[in-house]
Structure formats: C-alpha cells, structure tokens
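Enquirer: Sharing a structure below in structure tokens format, with a few things to ask.
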Amino acid sequence: MEKIAIISDVHSNITAFKAVLEDIRKRDITRIFCAGDLVLKGSSPCEVLDLAKEKCEVIVRGNAEEGAMCGETPHKTWHRETLGKERMEFISQLPLYFDFYMSGSLIRMFHASKNDTHFRIMDFDNAEEKMKLFEDESGKVPDIVLYGDIHIQYMQKFFNKTIVNVGSVGNIVEYLHHDNTIEDMSESLQAYYTILEGEYDSREKSSLSINFVRVPYDIEKEIEIARKNNIPSLENYILELKTGMYRKNKKVKE
C-alpha cells in the first residue's frame, strides 16, 4: 500500500510548510499532491512556490494563484511582483483539477470545485450544494472529492459519495467555532494536511484510509519573517495566524 500526502492553502507560510514537509518525511511519504493556494497572504511566496515545485508531484490552481495573476489590490500586486515572471508563468499553467484512482475509488482533487476556484461550499448541512462538487459534464463522476479553499478540515459521506476538505497548512480558520473568552487557541492553530493510504492507480476495490494530521509550528517565527519581508496586510495576517479569525468582525473569506 502507498501513502499520499494531500496539502492545500499554504498561503506563503514557509514556517508551517517546512514543518509539514518534515512531518511527511518522518512518515516516509514520498508522494505529495497540492490542492492549490500556495501564494498570497504570508511571508515567503517565492520560497513556498519553489519548494512546492520541488516536492509536489501534482499541484492544481487555487483562487490565490488566480488572484496573484490578475488582482490589482496592493496585496496581490506585491505578491505578483515578488514572484516574478518565471514563477507567474508556472502558476498560469497549473490545471484546475486532477483525477486519480486509489483502491478502486475515483478521486478528484481541486481547490474549490472542478471548473471554478471561487465556488465555495460553506453550508455543511446542504447536501444539494455539496453534490455540485461531484458534477461532471463528461459523465466521469468521482467517488471522492478532495478540496481546500475554506481552510476547515472535515469529511462527510453522503449519497454514496465522500467529500474531504484536506485543511490548510498555513492559514487555519476557526471562526465557525470561535469564542472570544478562549485566550489560548494553540490547540487549533496548527498546520493541517491529509494522508491517503491505499493502492495508488488501482481500479480494484481494496482498503482505503483517510487520515487527518495536524502539525504544530512556530507562529512567532513566521510573523518575524513576515515583518522582515515587509509584507502587505501584515496586521491582518498576524490576526489570522494568532486567532484563526479572518479579519475582525468578518465571517466570509475572500
């Protein structure tokens, strides 16, 4: 049997990314797939993208990559100019989704949905909305979908399908379960990723496991790097890293 590490939403957080890669190495996992959003937000877009190109066998495009390509806010412009022409060319060529078989199940990995990096499922009780993640105009309907985007790790099985959010490596979100009376959020504010274990590229049904992983990392170190690199939107980034909240009084991620 083979293990595959599925990562997503690193968001230029080099400190969290290195911690996750070290955890993956300790588990002797050599195959890594990425569900997008390597850039924007954090301290080190170039280092994160270069390391992902080196370590990841598959990378699909996220809304952050699209934002870096065409966004005109100071934040997005800074990241685009920092990444430079060659890296931006690499980003522009990334596919929107990746299909593969594992232990007889057809698995589809994308950032938010198959054809749209901005289609967002936030209502976890709305089965009709979630079934849209399995729609396919060609009739090749997956059994399992893996996605990122919302930064909230979870898994649900319904209507003979399985939906898995693999979590965020570099920008965990906890606003759905946030309580202002909690002073120490360190139990939640870690780097998250997912491990699949089964028979890769096999269409014969056999055992398949899905394992959620959380990895502690040095948030203060990441903030120090972000300050040193003089990133835009620094205070928002610090707020997100330290609280899991996406800006004050705002409950929908961009």
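Enquirer: Could you say which residue among Glu235, Glu220, Glu187 is assigned to a loop (DSSP other than H, G, I, E, B) and open to solvent by 70 Å² or more (accessible area, probe 1.4 Å)? Spell out how you get there, then give the answer.
Expert: Numbers: Glu235 fails: assigned to a loop (DSSP other than H, G, I, E, B); Glu220 fails: assigned to a loop (DSSP other than H, G, I, E, B).
One residue alone meets the criteria, Glu187.
Enquirer: Here's something else I'd like to know. Since Lys85 meets every condition but one in (1) surrounded by 18 or more Cβ atoms within 10 Å (Cβ to Cβ); (2) farther than 25 Å from Thr194 by Cα, which condition does it not meet?
Expert: Here Lys85 meets the rest and fails (1).
Enquirer: Which residue is nearest to Leu146 (Cα to Cα), if the candidates are limited to the stretch 58-71 and must be surrounded by fewer than 24 Cβ atoms within 10 Å (Cβ to Cβ) and among the small types (Gly, Ala, Ser)?
Expert: Across the stretch 58-71, the extreme among qualifying residues is Gly67.
Enquirer: Please find, within the stretch 125-137, the residue that is farthest from the chain's Cα centre (by Cα) out of those that are open to solvent by 90 Å² or more (accessible area, probe 1.4 Å) and more than 18 Å from Met155 (Cβ to Cβ).
Expert: Glu137
Enquirer: From the list Lys205, Lys157, which one is at pLDDT below 95, touching a strand residue (DSSP E or B) at 6+ places or on another chain (Cβ under 9 Å), surrounded by fewer than 16 Cβ atoms within 10 Å (Cβ to Cβ) and charged (D, E, K, R)?
Expert: Just a single option satisfies the conditions, and that option is Lys157.
Enquirer: If we scan the stretch 34-57, do we find a residue that is at pLDDT 95 or above, surrounded by fewer than 17 Cβ atoms within 10 Å (Cβ to Cβ), assigned to a strand (DSSP E or B) and not acidic (Asp, Glu)?
Expert: no
Enquirer: Is there a residue being under 15 Å from Asp9 (Cα atoms) and outside any helix (DSSP H, G or I) anywhere in the stretch 100-109? Spell out the reasoning first.
Expert: Step one: of the stretch 100-109, the residues under 15 Å from Asp9 (Cα atoms) are 109.
Next cut, outside any helix (DSSP H, G or I) only: 109.
Checked against the condition, which is being under 15 Å from Asp9 (Cα atoms) and outside any helix (DSSP H, G or I), the stretch 100-109 yields at least one hit.
Enquirer: Something else about it: Run Lys114 past the list (1) open to solvent by 60 Å² or more (accessible area, probe 1.4 Å); (2) basic (Lys, Arg); (3) part of a loop (DSSP other than H, G, I, E, B) and report the number of the one that doesn't hold.
Expert: Just one mismatch for Lys114, condition (1).
Enquirer: Can you name the residue in the stretch 88-99 that is within 15 Å of the chain's Cα centre (by Cα) and assigned to a strand (DSSP E or B) and is also surrounded by the fewest Cβ atoms within 10 Å (Cβ to Cβ) among such residues?
Expert: Phe98
Enquirer: Could you grab me the full set of residues in the stretch 1-24 that are buried (at least 21 other Cβ atoms within 10 Å of the Cβ), out of contact with any Gly (no Cβ under 6 Å at 6 or more places or on another chain) and within 18 Å of Met109 (Cα to Cα)?
Expert: Selection gives Ile4, Ala5, Ile6, Ile7.
Enquirer: All but one of (1) part of a helix (DSSP H, G or I); (2) free of Cβ contacts under 8 Å to residues at least 60 places away in the same chain; (3) not polar (S, T, N, Q) hold for Asp125; state the number of the condition that does not hold.
Expert: (1)
A quick yes/no check of all residues on (1) closer than 17 Å to Gly244 by Cβ; (2) free of Cβ contacts under 8 Å to residues at least 12 places away in the same chain:
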{"site": "Thr82", "(1), (2)": "no, no"}
{"site": "Met88", "(1), (2)": "no, no"}
{"site": "Phe98", "(1), (2)": "no, no"}
{"site": "Ser138", "(1), (2)": "no, yes"}
{"site": "Tyr154", "(1), (2)": "yes, no"}
{"site": "Ile182", "(1), (2)": "yes, yes"}
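The values are calculated or read from the model by the stated rules, or taken from the named source; none is laboratory data. It should be emphasised that the depicted structure is a prediction, and the values quoted were computed from it without experimental measurement. Every residue, glycine among them, receives a Cβ derived from its backbone with ideal geometry; neighbour counts consider all protein chains shown. Side chains are part of the model used for accessible areas, which takes the heavy atoms of the whole protein and leaves out ligands, DNA and RNA. Shrake-Rupley method; radii C 1.70, N 1.55, O 1.52, S 1.80 Å.
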